Every structure is written in C-alpha cells, then in structure tokens.
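Asker: Once you've had a glance at the structure underneath, I'll fire off some questions.
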Ligand SMILES: [Zn+2]
C-alpha cells in the first residue's frame with residue numbers, strides 16, 4: 001500500500017515540502033502542461049513551480065480539448081518554452097510591454113514532443129529557448145539531454161531572464177531539499193557510483 005501523501009505537494013506524509021514552497025508574484029504568467037506520465041514521479045518539479053508561483057497554472061493531460069482560452073489571455077503574449085525552428089532566445093521583458101504567457105511542456109523530450117504533436121495549438125506558438133542557462137542540479141533522474149534542466153529550473157531561469165529586477169531562487173529551495181533527501185536515502189556511496 002502506498003503511504004498517505006500530502007494533498008498539496010503530493011509528497012509522502014512526513015516528507016511534505018509545503019513549508020519550503022514560496023508564493024512568488026511574477027508579471028509573467030506561467031502555464032505548465034504536464035504529461036500524465038509525470039504526475040506520480042517522485043521529483044514532480046512542475047508541481048513545485050505551479051505551487052510556488054501565484055501567476056501559474058498546471059494542467060495535466062495528453063490531448064487538451066479546450067486549450068484556446070488558456071492561451072488567449074488578454075494582455076499576454078503566449079510563448080512556448082521549447083526548441084524548434086524559428087525559436088528565439090528569451091530576453092528581458094520591459095515592464096511596460098505586453099506580458100509573456102510562458103507555456104511550458106513538462107515531460108521527457110519524447111513526451112513533450114508528443115504533447116506538441118497532439119495539440120496543434122501548442123505547436124503553432126512562437127518558441128523561445130533559454131540562453132546561458134545554469135547547470136542543472138537535477139542529478140538524480142536521468143536527464144533527457146546532458147545540459148537539460150528540470151522543469152522547475154527552466155521556469156526559474158526563464159523568469160529571472162524576463163524579470164531581472166526580481167529573484168526567483170526561492171522556487172528552487174524545496175527542490176534542493178528533495179534532492180538532498182534522495183541522495184541521503186540512496187547513500188552517498190551508491191549515488192557517486194551511479195551518478196558521479
Ligand atoms: Zn505538502
């Protein structure tokens with residue numbers, strides 16, 4: 001039987017991270033589209049991002065039937081955080097310009113591509129990518145690419161690029177604690193052997 005979980009952060013009882021999750025304001029709106037295969041993953045970093053940002057939403061699904069109202073938000077310009085032809089580097093967003101609706105597919109590369117394929121509205125959005133992203137702290141899970149960031153890290157970096165006058169580092173705190181906990185549970189020795 002699975003142990004009881006916190007309803008909010010979905011962590012097992014006794015490992016709840018809610019006390020570490022901030023509630024940060026942002027001009028940028030964040031819409032995370034999570035593939036169902038990510039929902040029950042122990043390191044559900046997309047959920048940490050959605051909980052930590054007051055202007056963020058997380059939708060779970062594969063085919064999103066009614067996506068248009070989520071993408072067409074007055075005053076916001078939707079941009080898909082995903083590489084592709086014509087993708088431009090994300091840059092600072094001036095305070096008085098139209099705000100960004102950052103649309104973030106969450107899943108492995110394969111699953112994220114599938115989300116785009118199944119949802120043409122997503123695939124049609126202008127794309128942005130991160131420049132000079134920091135190295136990932138996501139050392140546990142096999143990353144889809146050597147320099148790939150977790151969804152939470154990517155969102156944090158994107159927000160700090162768009163809104164350099166603010167810091168979003170507090171978003172990463174529950175993630176860091178989660179990783180430290182996983183390393184401790186696994187044993188440093190095993191961790192180094194498998195991930196060093
Ligand atoms: Zn919790």
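The values are calculated or read from the model by the stated rules, or taken from the named source; none is laboratory data. This structure is a prediction, so every number in the text was calculated from the model and none was measured. Don't worry about glycine lacking a Cβ; one is built from the backbone with ideal geometry, like all the others, and counts go over all protein chains shown.
Asker: In the range 54-77, is there at least one residue being closer than 20 Å to residue 160 by Cβ and more than 16 Å from the chain's Cα centre (by Cα)?
Answerer: yes
Asker: Tell me whether the range 63-86 contains one or more residues that are free of Cβ contacts under 8 Å to residues at least 40 places away in the same chain and closer than 30 Å to residue 183 by Cβ.
Answerer: no
Asker: Still on this structure: Which residue, of 93, 57, is in contact with a strand residue (DSSP E or B) (Cβ under 8 Å, 6 or more places away or on another chain), more than 16 Å from the ligand (Cβ to nearest atom), under 23 Å from residue 132 (Cα atoms) and not in a helix (DSSP H, G or I)?
Answerer: That would be 93, the only listed residue that is in contact with a strand residue (DSSP E or B) (Cβ under 8 Å, 6 or more places away or on another chain), more than 16 Å from the ligand (Cβ to nearest atom), under 23 Å from residue 132 (Cα atoms) and not in a helix (DSSP H, G or I).
Asker: Output the number of residues of the range 1-53 satisfying the condition of being more than 10 Å from the ligand (Cβ to nearest atom), in a loop (DSSP other than H, G, I, E, B) and farther than 22 Å from residue 163 by Cβ.
Answerer: The total comes to 12.
Asker: Tell me yes or no: at least one residue of the range 146-162 is part of a helix (DSSP H, G or I), exposed (fewer than 14 other Cβ atoms within 10 Å of the Cβ) and at pLDDT 75 or above.
Answerer: no
Asker: Still on this structure, I have one more. Restricting to the range 102-128, and then to whatever is in a loop (DSSP other than H, G, I, E, B) and within 18 Å of residue 38 (Cα to Cα), can you tell me which residue is farthest from the chain's Cα centre (by Cα)?
Answerer: Per the stated criteria, the residue is 119.
Asker: All but one of (1) within 13 Å of residue 33 (Cα to Cα); (2) modelled with pLDDT of 95 or more; (3) exposed (fewer than 10 other Cβ atoms within 10 Å of the Cβ) hold for residue 69, so report the exception by its number.
Answerer: Failed condition: (1).
Asker: Scanning for something at pLDDT 95 or above and under 14 Å from the mean Cα position of the chain (by Cα), does the range 84-101 turn up at least one residue?
Answerer: yes
Asker: Among the numbered conditions (1) assigned to a loop (DSSP other than H, G, I, E, B); (2) touching a helix residue (DSSP H, G or I) at 6+ places or on another chain (Cβ under 9 Å); (3) away from the ligand (no atom under 16 Å from the Cβ), tell me where residue 66 comes up short.
Answerer: Every listed condition holds for residue 66 apart from (2).
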